[in-house]
1. Report whether or not A23 is touching a helix residue (DSSP H, G or I) at 6+ places or on another chain (Cβ under 7 Å) and either closer than 30 Å to H89 by Cβ or in a helix (DSSP H, G or I) (or both).
2. Output the residues belonging to segment 67-83 that are in contact with a strand residue (DSSP E or B) (Cβ under 8 Å, 6 or more places away or on another chain), assigned to a loop (DSSP other than H, G, I, E, B), at pLDDT 95 or above and not aromatic (F, W, Y).
3. Regarding G32, is this residue out of contact with any strand residue (DSSP E or B) (no Cβ under 9 Å at 6 or more places or on another chain), exposed (fewer than 14 other Cβ atoms within 10 Å of the Cβ) and at positive phi?
4. On the basis of being modelled with pLDDT of 90 or more and either surrounded by fewer than 12 Cβ atoms within 10 Å (Cβ to Cβ) or within 21 Å of C9 (Cβ to Cβ) (or both), does E52 make the cut?
5. Quick test of your reading of the structure: Q42 fulfils all but one of (1) part of a helix (DSSP H, G or I); (2) loosely packed, with under 13 Cβ neighbours inside 10 Å; (3) not aromatic (F, W, Y). Name the failing condition by number.
6. Given the conditions (1) free of Cβ contacts under 8 Å to residues at least 40 places away in the same chain; (2) out of contact with any strand residue (DSSP E or B) (no Cβ under 6 Å at 6 or more places or on another chain); (3) of a type outside the set (V, I, T), which single one is not true for E90?
7. Can you tell me which residue in segment 47-59 is nearest to the chain's Cα centre (by Cα), limited to those that are under 11 Å from A7 (Cα atoms) and outside any loop (DSSP other than H, G, I, E, B)?
8. Considering (1) free of Cβ contacts under 8 Å to residues at least 12 places away in the same chain; (2) of a type in the set (D, E, K, R); (3) in a helix (DSSP H, G or I), say which one R28 fails and leave the rest.
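The values are calculated or read from the model by the stated rules, or taken from the named source; none is laboratory data. Here the structure is a predicted model, which means the values were calculated and not measured. For neighbour counting, all protein chains shown are included, and Cβ atoms are generated from backbone atoms with ideal geometry for every residue, glycine included.
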Amino acid sequence: MSADNWAICPKCKKEHKVKREEALKQARALYGRIPLEQYEKQLQDALNIPIEIDESLREDYEIGVTRGGKFYVDYGCMCECGFKFSFKHEEVICP
């Protein structure tokens, strides 16, 4: 069974952003404490952490209308990091 879509996981994106910001913070803290060449390398290494990440969020969904006149949405997503989300809704649109 294949996924309906692959997207960027919000949890992975947040953790990735925090990791990058922490690396920049640590590099900036070295200013004036180490030789300029080492400082520039530390800063460049932190800046080289990519902003975009892989699409690891698997999305599965179904949207439709039943023969009985009920509209429905069934959505679920999960990532290998452990993030999960699901949403279901049904509503009679033609009684």
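1. Working: touching a helix residue (DSSP H, G or I) at 6+ places or on another chain (Cβ under 7 Å): yes; either closer than 30 Å to H89 by Cβ or in a helix (DSSP H, G or I) (or both): yes.
Yes.
2. C79
3. Details: out of contact with any strand residue (DSSP E or B) (no Cβ under 9 Å at 6 or more places or on another chain): yes; exposed (fewer than 14 other Cβ atoms within 10 Å of the Cβ): yes; at positive phi: yes.
Yes: the conditions hold for G32.
4. On the way: modelled with pLDDT of 90 or more: no; either surrounded by fewer than 12 Cβ atoms within 10 Å (Cβ to Cβ) or within 21 Å of C9 (Cβ to Cβ) (or both): yes.
So E52 does not fit the description; no.
5. Only one criterion is unmet by Q42, namely (2).
6. Here E90 meets the rest and fails (2).
7. Applying the first criterion (under 11 Å from A7 (Cα atoms)) to segment 47-59 yields 53-59.
Filter once more, so that each one left must be outside any loop (DSSP other than H, G, I, E, B): 57-59.
On the way: L57: 7, R58: 11, E59: 12 Å.
This residue is L57.
8. Every condition holds for R28 apart from (1).
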